[in-house]
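Take a look at the structure set out below.
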Amino acid sequence: MLPAGSRLRRRADFVATLRSARGARGAGLLVVHVSTGSGSSAGSDTADAGPSSTGSAPRVGFVVSRAVGPAVTRNRVRRRLRHLVAARLDRLPSGSRVVVRALPASATASHAQLAAALERALERAVSA
């Protein structure tokens, strides 16, 4: 389970992250947007976005749209992604904000496929 302090919850947090983030696609299953807060535009967003300043724990949010499938499928994908991200939380830069957006193909992907796609996308987004 993802700790409560590591979750993005407010719409403003999601919008600020997506505006200042670098995106990376993970094998056509998902897109990961990472905002490290080191840029000048990200610095102004962190004041509005709450406790996501440099030195704090990374915060993660998930976007699973209706295009992924019905509610049961969307919730299953979101649970899988939450579990996968929680295991990789220590590898994210402190103070970063991450939005994981699931694409429709993630509905039929296995747990191992989601894990591999998330790993690749996180590596690309964090290192870019």
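The values are calculated or read from the model by the stated rules, or taken from the named source; none is laboratory data. Since we're looking at a predicted model, the values are computed, not measured. All Cβ positions, glycine included, derive from the backbone under ideal geometry; neighbour counts span all protein chains shown. These accessible areas exclude ligands, DNA and RNA; they are computed on the full protein's heavy atoms, side chains included. Shrake-Rupley method; radii C 1.70, N 1.55, O 1.52, S 1.80 Å.
Computed over protein heavy atoms with a 1.4 Å probe, the accessible surface of the chain works out to 50 Å² per residue. Annotation: peptides 57-69, 105-117, ranked by per-residue average of other Cβ atoms within 10 Å with the highest first, follow the order 57-69, 105-117. With respect to the chain, whose longest principal axis is taken over its alpha-carbon atoms, helix 71-88 is tilted by about 50°. Evaluating kT/(6 pi eta Rh) at 4 °C and 1.567 mPa s, with the Kirkwood radius of the chain over Cα pairs in the Stokes-Einstein relation, gives 90 µm² s⁻¹.
Evaluated with a Cβ-only charge set (Lys, Arg +1; Asp, Glu -1), the chain carries a dipole of roughly 460 debye about its Cα centre, given to the nearest 20. Go ahead and set up a Gaussian network model of the chain, Cα springs under 10 Å, then flag whichever of Arg74, Arg22, Arg11 fluctuates most. Maximum among the listed residues: Arg11.
Taking other residues whose beta carbon is less than 14 angstrom from the beta carbon of Ala116, and scoring Lys, Arg as +1 and Asp, Glu as -1, yields +3. A dipole drawn for the range 56-106 from +1 and -1 charges on Cβ atoms has a positive end, and of Thr73, Gly95, Pro58 the residue lying farthest that way is Thr73.
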